[in-house]
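Everything on this sheet refers to the single structure shown next.
The values are calculated or read from the model by the stated rules, or taken from the named source; none is laboratory data. Worth saying up front: this structure is predicted, and the values here are computed from it rather than measured. As a convention, Cβ positions derive from the backbone with ideal geometry for all residues, glycine included, and neighbour counts pool all protein chains shown. Quick note on the areas: whole protein, heavy atoms, side chains included, nothing else; ligands and nucleic acids left out. Shrake-Rupley method; radii C 1.70, N 1.55, O 1.52, S 1.80 Å.
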Amino acid sequence: MTQSVLVITEQQNKVFRKVSFEVVSEGRRIADSLNGELVALVIGADVESIAKDLGQYGADKILVADDSALYDYTTDAFTDISAAAAAQTDPALIIIGASSQGKDLAARLAARLDAGLAMDCLAIKDTDEKLIFTRPLYGGKIMAQVEIEGTPQIAAVRPNVLSTTKTAGSGIVEKIDINFEKSRTSVVEKLIEEGDKIELTEADVIVSGGHGTNGDFEAIEELASVLNGAVGASRFAVDEGWRSHNDQVGQTGKIVSPSLYIACGISGAIQHVAGMSTSKTIVAINKDPEAPIFQKADIGIVGDLFEVIPKITEEIKKL
Amino acid sequence: MNVVVLVKQVPDTEALIQVAEDGKSINTDGIKWIMNPYDELAVEEALQIKEAHGGSVTVLSMGLKNSEKILRTALAMGADKALLVDDPLAFASDSLATAKILSAALKEIPFDLIIAGQRGVDEDNYQVGAAVAEYLGIPQISLVVKEEISDGKIRCHRTVEGAVEIIEASLPALITTQRGLNEPRYATLPGIMKAKKKPLETRNLADIGVEPASVGMDNRRVKIVSLTLPPQREAAVMIQGETPTELGAGLVKILHEEIKIV
């Protein structure tokens with residue numbers, strides 16, 4: 001059995017996404033338990049200079065596929081290169097960050113390699129015989145422990161869940177010959193969202209609003225702002241047109257795992273709770289003491305959100 | 001423009017999901033089954049494409065006999081025909097096997113575009129669309145919130161973290177849906193009446209040339225060892241206070257001093 005671990009990283013404009021450090025750190029941990037080598041793959045344009053940074057998180061070898069045609073992510077080219085890197089390293093396990101890009105790539109790569117894929121994992125446990133992957137089903141209503149038959153095994157891990165650990169690795173950078181077909185999809189344009197809005201799935205703090213806001217998110221926006229967090233919304237708030245679809249947290253929206261989730265005026269419908277139940281600390285603010293959300297929260301406040309939230313914001317500013 | 005939509009039935013998102021006695025599957029007693037919400041977006045988009053460009057809309061599913069209900073729903077919304085791969089040997093196939101079966105079934109359906117939900121909101125694998133595209137050798141564009149078709153090309157708005165990418169591909173291609181793409185229509189009564197007369201055919205694995213030894217429960221690459229409920233939280237600490245100021249200060253004190261997050 002091969003014992004190496006291959007991690008596929010993600011960068012944009014020569015800046016690694018945080019999940020890249022998470023997958024390298026996790027890869028190091030698994031490679032150690034398999035007594036194998038950790039190989040990281042970096043794909044992009046002009047990315048050789050940043051590749052060595054992965055050595056700090058324990059990468060033994062860093063393969064770099066560098067080409068101006070790889071500036072933007074395309075499924076075809078990135079799958080070709082990832083499959084080639086897998087053929088070269090013959091890994092027991094491939095780890096990819098389950099971002100929008102990572103999920104797209106992991107799914108196509110699994111089909112290309114005819115390999116089992118555990119999508120959106122929260123944990124990888126190395127037992128004596130097998131790797132056991134923990135992943136949520138039904139948006140998080142149920143947790144599954146799964147194992148994968150065959151080699152390589154592929155795990156796409158949810159961003160923001162696994163910790164990053166600095167460990168010295170030899171970090172030898174090796175440019176690889178890249179042989180990829182011209183991608184059949186092309187990125188015509190990238191419309192970056194205005195302002196320095198924090199992406200929900202990457203946010204450390206989320207303040208969400210629901211029915212109880214009556215569409216007024218001003219206090220929620222302000223609280224999120226002082227916490228350097230993102231604003232989320234329940235399905236009701238999105239269906240009412242109060243917030244964009246991008247902001248929806250829940251089984252049919254985004255599934256999030258921040259350190260702090262503050263649910264304001266959200267009753268706690270099952271499908272909403274499913275999307276945020278893996279948050280580390282959950283605070284619920286609702287004027288109905290019987291609201292089901294309190295059963296899912298760590299800390300509760302029964303009160304009018306329009307009165308309480310500005311006071312929370314004020315108190316935080318004092319710190 | 002011939003569009004094929006991949007659909008599946010899933011438990012209602014409002015359903016409480018419980019682990020069955022075997023510890024590896026869910027208890028389906030009393031569960032209401034619905035069309036996967038992301039597939040509803042796919043059906044709606046296909047109908048809008050047909051309205052704009054002509055052609056046909058075919059819905060394809062793999063599942064047991066009771067999946068006919070969601071196919072009838074799609075027909076009632078306006079799809080032209082439906083195909084169900086119904087074979088007990090395919091039961092509990094994993095994502096790759098499901099994609100193999102759907103790709104095999106697609107050999108008899110002419111298509112310019114395939115639309116699939118980004119994921120089933122049951123096992124949340126995000127995998128079948130991409131694997132079908134791979135097996136058919138066509139490009140994929142996932143998480144689409146807007147599309148335009150002209151001159152044999154499709155141009156899509158795709159949501160990624162903090163941005164929308166505009167991506168173009170030549171047809172045939174496969175796209176997957178993201179919330180915001182459209183508002184799925186409801187089936188009307190005349191639609192429901194018409195749907196009863198529309199063709200809904202079934203196939204088994206032998207019909208579409210798929211070896212049972214490559215699919216089904218026993219041939220899963222990803223095997224479920226156990227299902228568990230997520231860890232339950234302890235009862236919430238309720239902040240006490242007479243005024244909003246007291247409540248706010250009480251919360252911030254805990255967040256700052258005990259949890260140390262602010």
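At-a-glance table
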quantity	calculated
Cα-Cα over 26 Å, subset of A:166/A:317; B:153/B:197; A:14/A:182; A:190/B:153; A:197/A:254; A:14/A:103	A:166/A:317; B:153/B:197
Where the Cα pairs of the range A:200-318 fall when distances are cut into 10 Å bins, in %	16, 54, 29, 1
Residue A:4 long-range amide H proximity, modeled H, under 5 Å	A:37, A:92
Charge dipole (the protein assembly as shown, unit charges on Cβ, about Cα centre) - positive-most of A:15, A:164, A:268	A:268
Amide hydrogen neighbours beyond the local backbone of residue B:141, cut-off 5 Å, H modeled	B:174, B:175, B:176
Antiparallel content of DSSP bridges confined to the range B:2-219, in %, to 5	40
Net charge dipole size for chain A [Lys, Arg +1 and Asp, Glu -1 on Cβ; Debye, nearest 20]	440
Extension gain (nm, one decimal) between residue A:126 and residue A:88, 0.36 nm per residue minus Cα-Cα	11.3 nm
Antiparallel DSSP beta bridges within chain A, as percent of all bridges there, nearest 5	20
Convex hull of Cα atoms in the range A:5-175, direction-averaged projection (nm²)	8.9
5 angstrom amide H check on residue B:202, placed H, neighbours 5+ away	B:84
Beta bridges by DSSP in the protein assembly as shown, antiparallel share as percent, to the nearest 5	35
Environment charge of residue A:60, counting only residues whose C-beta is closer than 12 Å and scoring Lys/Arg +1, Asp/Glu -1	-1
Among A:97, A:303, A:275, residue whose mean-square fluctuation peaks in a GNM of chain A (springs only between Cα atoms under 10 Å)	A:303
Per-residue [θ]222 nm for chain A (sum of -39500 (n - 2.57) over DSSP H runs n ≥ 4, rounded to 500)	-8000 deg cm²/dmol
Crossing angle, helix B:37-53 versus chain B [Cα axis fit, 0-90 degrees, rounded to tens]	40
Using alpha-carbon coordinates, inclination of helix A:18-34 to the longest axis of chain A, degrees	60
Positive dipole terminus of the protein assembly as shown, leading residue within B:214, A:45, B:245 (C-beta point charges)	B:214
For the protein assembly as shown, size of Cβ-based charge dipole, Lys and Arg +1, Asp and Glu -1, in debye	900
Area buried, chain B against chain A - accessible surface, total, 1.4 angstrom probe, square angstrom	7300
Portion, in percent, of the accessible area of the protein assembly as shown that falls on carbon or sulfur, probe 1.4 Å	49
Net dipole in debye of the range B:59-128 [+1 Lys, Arg Cβ; -1 Asp, Glu Cβ; about Cα centre; nearest 20]	140
Rounded D (µm²/s) - the range B:38-88, Kirkwood Rh over Cα pairs, Stokes-Einstein at 10 °C, 1.306 mPa s	141
